[in-house]
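Comments concern the structure below.
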């Protein structure tokens, strides 16, 4: 894969000239979404986003895992703080998606995959104080309902003492059609 990417990059450099743009998002918006490979390109097209429009943050499941929700001091919150205070972000969209791999993830499949790759799940659970397999699943960020997960992430962001009170909205995008469903519209204006 690396060689394919490097070869493509050489062709890209010969065929394309990128215009210079600033690092602050033109639309003063941060978009939090999932790292799912099915969202690549489709996501920006479905939202009408161009290079430089928004600050895009991707996490597994567009979520903040249960342990990181306490105190709202996660890496996602840190990244949002940088975007808000240093790059001028004034509105946040949390966009989960249907058929997410973290929704209803299987603990047996997870532990089997970990073991196949040389990681002892129980040793990790013990060393990190996760309690049991449910604690490991919680650390990973597994959830059952994407709409509820988006609402919970919106709530954590809104309540973070690290962030100012700016509009935080929640949406879900259909992974097959690109249709957006509004889950939570913040009444504060941007």
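Assorted remarks:
- Potential lengthening between residue 50 and residue 17 on full extension [0.36 nm per residue; Cα-Cα distance subtracted]: 10.3 nm
- Beta bridges assigned by DSSP with both partners in the chain are antiparallel in approximately 20 percent of cases.
- Label point distance in nm, residue 85-residue 128, each placed 7 Å from Cα along Cα→Cβ: 2.7
- Sequence of 111, 176, 63 once ranked by neighbouring C-beta atoms within 10 Å, starting from the fewest: 176, 111, 63
- Neighbour counting of Cβ atoms within 10 Å sorts the residues 37, 100, fewest neighbours leading, into 37, 100.
- This ranking places 97, 23 by how few other beta-carbon atoms lie within 10 Å of each, fewest first, which gives 23, 97.
- Extension gain (nm, one decimal) between residue 109 and residue 179, 0.36 nm per residue minus Cα-Cα: 22.2 nm
- Diffusion coefficient, µm² s⁻¹, Stokes-Einstein with Kirkwood Rh over alpha-carbon pairs of the chain at 25 °C and 0.890 mPa s: 134
Any read-out appearing in this document is the output of simple, stated calculations on the displayed coordinates, not a laboratory observation. Keep in mind that this is a model prediction, so the values were computed, not measured. As a convention, Cβ positions derive from the backbone with ideal geometry for all residues, glycine included, and neighbour counts pool all protein chains shown.
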